[in-house]
Amino acid sequence: MQSRSTAARIPRQGPERRSADRRELPGPDRAPDRVPGPTTGPGPTTPGPTDLGRATGPGPAVPAPGEPGWPPMSRRRAALFAATFAAYLLVLAGVLLNTDLVDLDWSVRLLRPYDRWPSLEPLLNTWVVAGQRGPSAIAAFAWLLWRAHRLGRLRPLLVMGVALLLLNVTVGAVKIVTGRLGPHYAQYVGSPELFSGGTIFPSGHTANAVVTWGVLAYLAVRWRRTGTVIAAATACSIGLTTVYLGTHWVSDVLAGWAAGLLVLLSLPLLEPLVAVAEQRLHRRFAR
């Protein structure tokens, strides 16, 4: 048995080694301290599986899947995604099959909230602009520019661009297929007003509010919880405002909330696409 005096001791790390171990890996919202370039030492000449997606020259480093900054969809997020998608399908089926959901739409329509509480109309006419694509995008663009400048990366702008593109494609396709008319243009009481050339279902105002303000909360890492509460309150109030003004049915708003939330839940899965686009743009403009 080896005595304590002769046992090999674990060598102490010097201050330089310890400081190197404590360095943080750059996450998706942190600009890298040093951009890795091509190595000149011995090593494989062809990239391995873990090297795919990494930068090999000047430009922002792109982590490979599985590295920090590329979170897979957790069980909780997957369950929420499945529940939201199921709710979306239920609302769509409720409208297509002319169920009690359409009766609810007409009950609120015939109630005419804007006539019962007219004093709210000037305020809500102004507030609903926060859900329009143009004004909300312009307002968000200022913060995104500041965020991109602070990080030294294009990621904030690209994430918003990808989210809005996905939203427009998915929601726009359903609008065209259903062709639903809005409450102000409805012709037959009790009818779902489908396939009549309208573009009202799902509510674009509501879905855009969910995505635009939700993306800002998604990018604001330090203030994500507070931003999520503010984004949720904004999206909910804008959806209800459109019902008050009579520009959307209740089912339009329910589908808009679900459609926007599905886009937000898909964002982590789109991060590799955003990183590749960022790398290519950096290389192009760095020439």
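For a test of the definition: using alpha carbon positions, the gyration tensor, and the 1.5 limit on a/c, classify the stretch 66-188 as rounded, prolate or oblate. Write out the running numbers ahead of the final one.
Values: a/c = 2.55, a/b = 1.46, b/c = 1.75.
In terms of gyration-tensor shape, oblate.
Once the Cα-Cα distance is subtracted from the 0.36 nm per residue extended length, the Arg77 to Leu104 segment shows a gain of 6.7 nm. Amide H contacts for Ile200 (H built 1.01 Å from N in the peptide plane; partners 5 or more residues away or on another chain; cut-off under 5 Å): Arg180. Across the stretch 115-132, computed HN-Hα scalar couplings (Karplus, 6.51 cos²θ - 1.76 cosθ + 1.60, θ = phi - 60°) run 8, 6, 10, x, 5, 7, 4, x, 5, 6, 5, 7, 5, 5, 4, 5, x, 6 Hz from first to last residue, x flagging Gly and Pro.
Pull out the extension gain between Arg112 and Leu145, defined as 0.36 nm times the separation in residues minus the alpha carbon to alpha carbon distance; nm, one decimal. Before the final figure, lay out each step's value.
Numbers: separation 33, 0.36 × 33 = 11.88 nm, distance 4.15 nm.
Length gained, Arg112 through Leu145: 7.7 nm.
Spacing of the modelled spin labels on Ala93 and Val221, each 7 Å from Cα toward Cβ, amounts to 4.1 nm. Between Leu120 and His184, the simple spin-label model (points 7 angstrom out along Cα→Cβ) gives 1.8 nm.
Taking only the Cα atoms of the stretch 151-287, the radius of gyration and Dmax are 17.4, 63 Å.
Every number here is computed from the coordinates shown, using simple stated rules; none is lab data. Keep in mind that what you see is a predicted model, and the values were worked out from it rather than measured. Backbone-built Cβ (ideal geometry, glycine too); neighbour counts: all protein chains shown.
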